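Everything below concerns the one structure shown next.
The values are calculated or read from the model by the stated rules, or taken from the named source; none is laboratory data. Fair warning: this is a prediction, and the values are worked out from it, not measured in the lab. Cβ sites come from the backbone with ideal geometry, for glycine too, and all protein chains shown count toward neighbours. SASA here: full protein model, heavy atoms, side chains in, ligands and nucleic acids out. Shrake-Rupley method; radii C 1.70, N 1.55, O 1.52, S 1.80 Å.
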Amino acid sequence: MGTKECGHITASSSPAVGEAGRTGDWRVQHPEFNYSVCTPAKSNTPSCFRCWTFCPDAVISKTIPPKVNLEYCKGCGICSEVCPTGAITMVTEET
Amino acid sequence: MSSATSQKKNQSIRETRIMTANYAAAEAVKLCDVQVISAYPITPQSPVVEKLMEFIEQGEIDVEFVTVESEHSAITVCISASAVGARVFTASCANGLALMHEQLHWAAGSRLPIVMAIPNRAVAAPWNILNDQQDSISQRDTGWIQIYCRNSQEVLDSIIQAYKLAEDVMIPVMVCYDGYVLSHTLMPVEVPTAEEVKSFLPDYVPHTILDPDDPKNINPVTLADPRVNAEGVLCHGYFEIRYLLQEAHMRAIESVAKIGTEYGRLSGREYGILDHYRDEDADLLMVSMGSLASEAMDAVDRLRDEGMKVGIIHVRLYRPFPAEVVARAVQKTGCRGIAVIEKNVSYGYEGALCSDLKAALFDYDVPVFAHSYIAGLGGRDVKSSELYDALKKSCAYCDRPRDKQRKDQEWLNCRI
């Protein structure tokens, strides 16, 4: 089946999760959390969330503990940079 | 009140008025219910916009005019306005048109039916404000349709048809006419009534609309391959979207002819893809675009009087290039050769029209010669006698054997 059935003559997208494609494919490293030093996980209170604040792709949840959606995480490593307790380590993907 | 009444009365009868091609362009825009105009002044385009401003000031048209600081912004405003569903107009030429270049690709790729008037002018360097067609020819591959006009009447009629065409095939259209030679020359022009144009031109229905209630990202990064969107629909990759533009261009050739015929029923002036002058039995054809094709009529008459069978084919539609139509038209005359006289050059080769024409003749197996003449760059006057000399010179090649008919490119009246 070809693409003509989509009915469009130009490129457009509607706001939706994953509309830009599975950007997780782009990743060469992924973040791993050490919840024993992660502030909200350790204190069991909604606190810190610097990883959630700074994630440019909004793939980290504001939950206890914070979690990463690896379908869309591009592996930029900003979360790891901004984490004040060093709870996030970037780990190279296995190929 | 009385002026409003007389104004209304004027709109209900056809009038023949004396006007320049620039004013004819403005009159056409006035008749087409254009909603947004954005343009930046550049000689010789300025009177188009000045006249439109006058219409707005006098309350004759209800248009949002957006003043901007450059041509790049002018076309960007047109793209945005067209994407939210407005019928839009702009005008530019020369270096101003060159400054629009990137956005011309955006307009065509977004399939927005923008109409732009181009009073053709030479592109610097060196600075020159006079006429040639290098400016629009340089925008040939941006994906816009290009129509060339021979007089003010054709400018008015072609802009009205351009909206119908653009909105039919969803491709932006440039209506090109020679700067000064046409843009500033007074000629009689019959102006159709507003009602007539309204009956000819339906409202603009956009294919995709930017609407806050239905948010969309238009022209997101689109990689080469098709992909499934969030709703699970397989969408085009960049390649497919570009193919659709090409497909629509090829379809537009037929649309131009259909719309030209329909306009003929409305106005009594039928338009086609080509215009012909005394070409039925010609041995030699002159092929050209714009005012040269009308100016050469005198030279052709003189040659005919002297017994030389010469005629003219004016290529009205340059992009999409009507290759089959042109090749068949040349074949039908039974001519032996062609002189392509044009006001542009694809540097390092020859006139752009000549190359396109030769490719069409080759493809449809029409074995006649085609000589490339470059004329009138930077407003260099092209006299009827010079056209006469050029055509006569090419005529002399008609009786030669096929392998002796090639002639080097020639720049008319180059005094180097």
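In the stretch B:63-95, the qualifying residues are those that are touching a residue at least 40 places away in the same chain (Cβ under 8 Å) and over 19 Å from B:LEU210 (Cα atoms), and the one that is farthest from the chain's Cα centre (by Cα) is B:ASN95.
Of all positions in the stretch B:337-346, none carries a residue that is assigned to a helix (DSSP H, G or I) and under 24 Å from the mean Cα position of the chain (by Cα). Selection within the stretch A:58-73: residues that are part of a loop (DSSP other than H, G, I, E, B), among the hydrophobic types (A, V, I, L, M, F, W, C) and surrounded by 17 or more Cβ atoms within 10 Å (Cβ to Cβ). The member of this set that is nearest to the other protein chains (Cβ to nearest Cβ) is A:VAL59. Screening B:GLU64, B:GLU71 for residues that are surrounded by fewer than 23 Cβ atoms within 10 Å (Cβ to Cβ) and either at pLDDT 95 or above or over 25 Å from B:VAL189 (Cα atoms) (or both) leaves exactly one candidate, B:GLU64. The set of residues from the stretch B:359-384 being closer than 15 Å to B:ALA339 by Cβ, of a type outside the set (A, V, I, L, M) and assigned to a helix (DSSP H, G or I) comprises just one member, B:SER384. When restricted to residues that are among the hydroxyl-bearing types (Ser, Thr, Tyr), modelled with pLDDT under 90 and either in contact with a strand residue (DSSP E or B) (Cβ under 8 Å, 6 or more places away or on another chain) or within 15 Å of B:LEU234 (Cβ to Cβ) (or both), the stretch A:1-25 contains 3. Across the stretch B:59-72, not a single residue is classified as of a type outside the set (Ser, Thr, Tyr) and within 14 Å of chain A (Cβ to nearest Cβ). Against the definition (basic (Lys, Arg), more than 27 Å from B:ALA248 (Cβ to Cβ) and open to solvent by 20 Å² or more (accessible area, probe 1.4 Å)), how does B:ARG336 come out, yes or no? So B:ARG336 fits the description; yes. Does B:ALA293 satisfy the condition of being in a helix (DSSP H, G or I) and more than 14 Å from every other protein chain (Cβ to nearest Cβ)? Judged against the criteria, B:ALA293 is a match. Among the residues of the stretch B:357-379, which ones are open to solvent by 30 Å² or more (accessible area, probe 1.4 Å) and either in contact with a Phe, Trp or Tyr (Cβ under 9 Å, 6 or more places away or on another chain) or closer than 16 Å to B:ARG319 by Cα (or both)? If the condition is that a residue be open to solvent by 30 Å² or more (accessible area, probe 1.4 Å) and either in contact with a Phe, Trp or Tyr (Cβ under 9 Å, 6 or more places away or on another chain) or closer than 16 Å to B:ARG319 by Cα (or both), then B:LYS358, B:ALA359, B:LEU377, B:GLY379 are the ones that fit.
Restricting attention to the stretch B:194-241, report how many residues are more than 18 Å from B:VAL88 (Cα to Cα), of a type outside the set (A, V, I, L, M, F, W, C) and facing chain A (nearest Cβ under 7 Å). Adding up the residues that qualify gives 11. Count of the stretch B:102-118 residues, restricted to those that are under 16 Å from the mean Cα position of the chain (by Cα) and either over 24 Å from B:ASP168 (Cβ atoms) or not hydrophobic (A, V, I, L, M, F, W, C) (or both), is 1. Counting only residues that are assigned to a helix (DSSP H, G or I) and out of contact with any Ser or Thr (no Cβ under 6 Å at 6 or more places or on another chain), the stretch B:20-65 holds 20 of them.
Pairs only if they're at least six apart or on different chains, beta carbon under 8 angstrom, first in the stretch A:19-47 and away from chain B (no Cβ under 14 Å) and assigned to a strand (DSSP E or B), second aliphatic (A, V, I, L, M) and open to solvent by 60 Å² or more (accessible area, probe 1.4 Å); list them, first residue then second. From residues that are away from chain B (no Cβ under 14 Å) and assigned to a strand (DSSP E or B), the pairs are A:HIS30/A:LEU70. Within the stretch A:1-18, the set of residues being more than 23 Å from B:ILE79 (Cα to Cα), among the small types (Gly, Ala, Ser) and either in contact with a Phe, Trp or Tyr (Cβ under 7 Å, 6 or more places away or on another chain) or at the interface with chain B (Cβ under 7 Å from one of its Cβ atoms) (or both) comprises A:ALA16, A:GLY18.
Being in a helix (DSSP H, G or I), touching a residue at least 12 places away in the same chain (Cβ under 8 Å) and surrounded by fewer than 21 Cβ atoms within 10 Å (Cβ to Cβ) holds for only one residue in B:ARG265, B:ARG242, B:ARG269, and it is B:ARG242.
From the list B:TYR397, B:TYR349, the lone residue that is on the phi < 0 side of the Ramachandran plot, part of a loop (DSSP other than H, G, I, E, B) and open to solvent by 50 Å² or more (accessible area, probe 1.4 Å) is B:TYR349. Annotation: B:ILE313 fulfils all but one of (1) free of Cβ contacts under 8 Å to residues at least 60 places away in the same chain; (2) under 24 Å from B:VAL197 (Cβ atoms); the unmet one is (2). Scanning the stretch B:139-187 for residues that are part of a loop (DSSP other than H, G, I, E, B) and charged (D, E, K, R) gives a single hit, B:ARG150.
Across the stretch B:106-125, the number of residues qualifying as more than 13 Å from every other protein chain (Cβ to nearest Cβ) and touching a Gly at 6+ places or on another chain (Cβ under 8 Å) comes to 4. The residues of the stretch A:1-18 that are surrounded by 12 or more Cβ atoms within 10 Å (Cβ to Cβ) and touching a residue at least 12 places away in the same chain (Cβ under 8 Å) amount to a single one, A:GLY18. Here the condition is being within 30 Å of B:THR222 (Cβ to Cβ) and open to solvent by 60 Å² or more (accessible area, probe 1.4 Å); of A:CYS76, A:CYS55, it holds for A:CYS76 alone.
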